[in-house]
Amino acid sequence: MPVPTEELTLSIVNAVTGTALAVGGATPRRWQLTPVPAAKGGKEQDDQAYVIRDVDSGQVLDNPAAADGSIKRSDAADGKLNQQWHVVPVEGEAGLYLIEDAKDRAVLDLDDTRVVLREHDEDAPSQRWRFVPSEPERVSDPVLRFASLQHWNGRRSWRLHPSPALRPAPDAAPSFSDMLLVLDRYGSTTAATGSVKGATGSTEEVTDGANRTYRGQPGWWAEPGTRFLADVTGEGRHDIVALTPDKGAVTSVSRGDGTFEDERVLHGPMPAPDPADRWTLADLTGEGRPDIVVLAADGVRVSRQDETGAFTPEGGMPVLAAFGHKEKAGAWLADRHPRLLADTTGDGRLDIVGFHDDGVWVALQDEKGTFDEPRYVLAEFGVEQGWTTAVEHPRFVIRTTADGPLDLVGYGPQGVVVARGRGDGTFARPVLALNDFGPAQGWTSTKHVRFVADVTGDGTPDLVGFGDQGVWVAHNRGDGRFDQAQLVCGGFGHGEHAGGWRVDRHPRFLADITGDGRVDIVGFGGPGVYVARNLHRRFRTR
């Protein structure tokens with residue numbers, strides 16, 4: 001797994017004794033690992049070096065070349081090789097590392113209570129260390145709720161009131177309104193395999209695809225019987241799309257005010273659809289018209305949209321014999337191998353990014369609209385590196401800085417991992433960017449949904465998790481680093497007081513349904529579609 005960096009506060013724990021690293025005193029220290037930048041104009045280092053800094057004193061781990069091999073803490077000195085360390089994963093033992101001196105290649109060892117440098121011995125477990133991030137600090141914004149007002153003439157209106165139930169963070173401001181029911185269609189029954197109510201009032205079978213479907217960006221993949229959001233009209237607003245067995249793809253277009261129009265048919269039923277197929281709508285070529293893209297058994301198929309809004313042909317034309325379910329197309333499985341559409345090169349055309357067992361594969365799209373054969377670009381984010389399923393560890397391809405290329409962002413076992421994009425379809429080594437939203441912090445695919453989306457409208461995406469108490473957001477600082485998570489909405493959560501939303505029955509999304517550049521929350525509950533509007537963080541607390 002990736003080395004924990006990016007200003008995370010860590011304990012460095014010995015694998016044998018379980019004691020935390022304490023240098024220059026008996027009290028265990030808290031550390032931060034800071035990557036040593038490459039020389040100006042140089043290439044990225046193949047063997048990344050780190051400075052290991054004591055959080056409390058500001059001093060760094062130093063090798064003074066003492067006769068007995070002991071190490072100490074010293075004031076930091078730029079470029080001093082004695083203060084630089086390599087962090088080397090122990091082969092075959094996930095989560096364990098060797099801490100190697102960058103100068104002499106000796107490794108940290110524990111001699112009783114004394115920390116020393118010794119030659120590497122693969123049979124010495126005392127030379128193996130574990131990085132344990134500090135517990136995340138979670139705070140809450142006050143939640144705004146709609147309070148009903150009665151008037152002398154019988155008219156009713158609503159006013160937003162803050163709830164006193166939550167402790168606000170300093171200088172916090174509410175991000176979302178309370179949730180309101182805006183459409184009595186597309187709802188789920190209380191059964192695990194419920195129904196979607198169509199425009200005619202008939203019901204159609206819904207699978208548990210809300211749990212198994214991977215939701216990528218810029219659209220979401222869906223299977224027959226599921227619901228998702230996509231910009232159907234090309235007007236910059238997300239609309240509701242449902243894949244029904246008898247009518248095909250139907251849509252309710254956003255009106256731009258948080259409500260939706262009546263249902264209409266978007267695309268007829270697929271001929272003999274494969275249950276393993278996954279659908280989405282995306283503007284592949286940048287022409288302003290979204291096409292239907294299908295991950296099929298034989299690879300990727302596309303139904304182009306013409307000027308009249310019609311899609312042809314039925315079933316789509318094959319554009320790439322890869323990323324499909326069959327062995328000849330790569331044997332990609334929906335529950336294990338996420339596949340995304342993203343412009344990894346900045347040319348305005350969407351490429352295909354896939355996360356297979358061995359890591360990341362990318363197929364670039366050229367100016368003619370055809371795709372190159374996939375190439376292997378990164379030995380991370382795959383099943384073999386601990387990313388077991390698509391829903392347990394969601395992965396995204398999204399720009400985490402305002403003007404940089406697209407990066408890889410994943411919710412891994414220990415938290416949120418980011419691999420910076422290079423702008424050519426390849427990516428740098430990943431780092432752990434936030435110790436939250438992972439299984440280690442109690443987040444699980446059976447109860448929680450996680451996304452990456454721009455909540456504030458500042459052009460950089462934030463980390464969003466639908467937890468037990470409601471919706472948590474870790475705001476992007478603007479440079480791809482993230483603050484600690486805050487609770488910004490008291491609804492759409494797994495807990496009964498937060499609505500009792502269930503992953504296998506109630507899909508939830510973050511999407512801009514008004515066209516104002518900020519995402520709102522859309523959830524498919526029992527009665528229908530619920531919306532919590534983004535309040536632009538205009539309300540201040542005192």
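The values are calculated or read from the model by the stated rules, or taken from the named source; none is laboratory data. Model, not experiment: these values are computed from the prediction. FYI the Cβ positions are ideal-geometry reconstructions off the backbone, even for glycines, and counts take in every protein chain you see. Side chains included, ligands, DNA and RNA excluded: accessible areas come from the protein's heavy atoms. Shrake-Rupley method; radii C 1.70, N 1.55, O 1.52, S 1.80 Å.
Tell me whether the stretch 51-64 contains one or more residues that are free of Cβ contacts under 8 Å to residues at least 12 places away in the same chain and either open to solvent by 80 Å² or more (accessible area, probe 1.4 Å) or closer than 20 Å to Leu8 by Cβ (or both).
Of the stretch 51-64, the ones free of Cβ contacts under 8 Å to residues at least 12 places away in the same chain are none.
No: zero hits.
Across the stretch 401-427, what is the number of residues that are under 22 Å from His337 (Cβ atoms) and either part of a loop (DSSP other than H, G, I, E, B) or free of Cβ contacts under 8 Å to residues at least 24 places away in the same chain (or both)?
5
Is there a residue being in a loop (DSSP other than H, G, I, E, B) and open to solvent by less than 40 Å² (accessible area, probe 1.4 Å) anywhere in the stretch 38-45?
For the stretch 38-45, residues in a loop (DSSP other than H, G, I, E, B) and open to solvent by less than 40 Å² (accessible area, probe 1.4 Å): absent.
Going through Asp504, Asp516 one at a time, which residue ends up being charged (D, E, K, R), assigned to a loop (DSSP other than H, G, I, E, B), under 26 Å from Gly234 (Cα atoms) and open to solvent by 20 Å² or more (accessible area, probe 1.4 Å)?
Among Asp504, Asp516, only Asp516 is charged (D, E, K, R), assigned to a loop (DSSP other than H, G, I, E, B), under 26 Å from Gly234 (Cα atoms) and open to solvent by 20 Å² or more (accessible area, probe 1.4 Å).
Among (1) under 28 Å from Ala329 (Cβ atoms); (2) without any contact (Cβ under 8 Å) to a residue 24 or more places away in the chain; (3) under 27 Å from the mean Cα position of the chain (by Cα), where does Val253 come up short?
All conditions pass for Val253, except number (1).
Report those strands (runs of 3 or more DSSP E) wholly inside the stretch 224-328 carrying at least 3 residues which are aromatic (Phe, Trp, Tyr) and open to solvent by 30 Å² or more (accessible area, probe 1.4 Å).
Per the criteria, no element qualifies.
Counting only residues that are open to solvent by 90 Å² or more (accessible area, probe 1.4 Å) and either more than 16 Å from Arg73 (Cα to Cα) or among the aliphatic types (A, V, I, L, M) (or both), how many does the stretch 97-120 have?
Total meeting the criteria: 7.
Need the failing condition index for Asp109 against (1) assigned to a loop (DSSP other than H, G, I, E, B); (2) in contact (Cβ under 8 Å) with a residue 12 or more places away in the chain, just the number.
Result: Asp109 passes all but (1).
How many residues does the stretch 476-493 hold that are touching a Ser or Thr at 6+ places or on another chain (Cβ under 9 Å), more than 16 Å from Leu432 (Cα to Cα) and in a loop (DSSP other than H, G, I, E, B)?
Residues meeting the conditions: 2.
With respect to Ile521, is the statement that it is of a type in the set (A, V, I, L, M, F, W, C), within 19 Å of the chain's Cα centre (by Cα), over 30 Å from Thr34 (Cα atoms) and at pLDDT 90 or above true?
Answer is yes for this residue.
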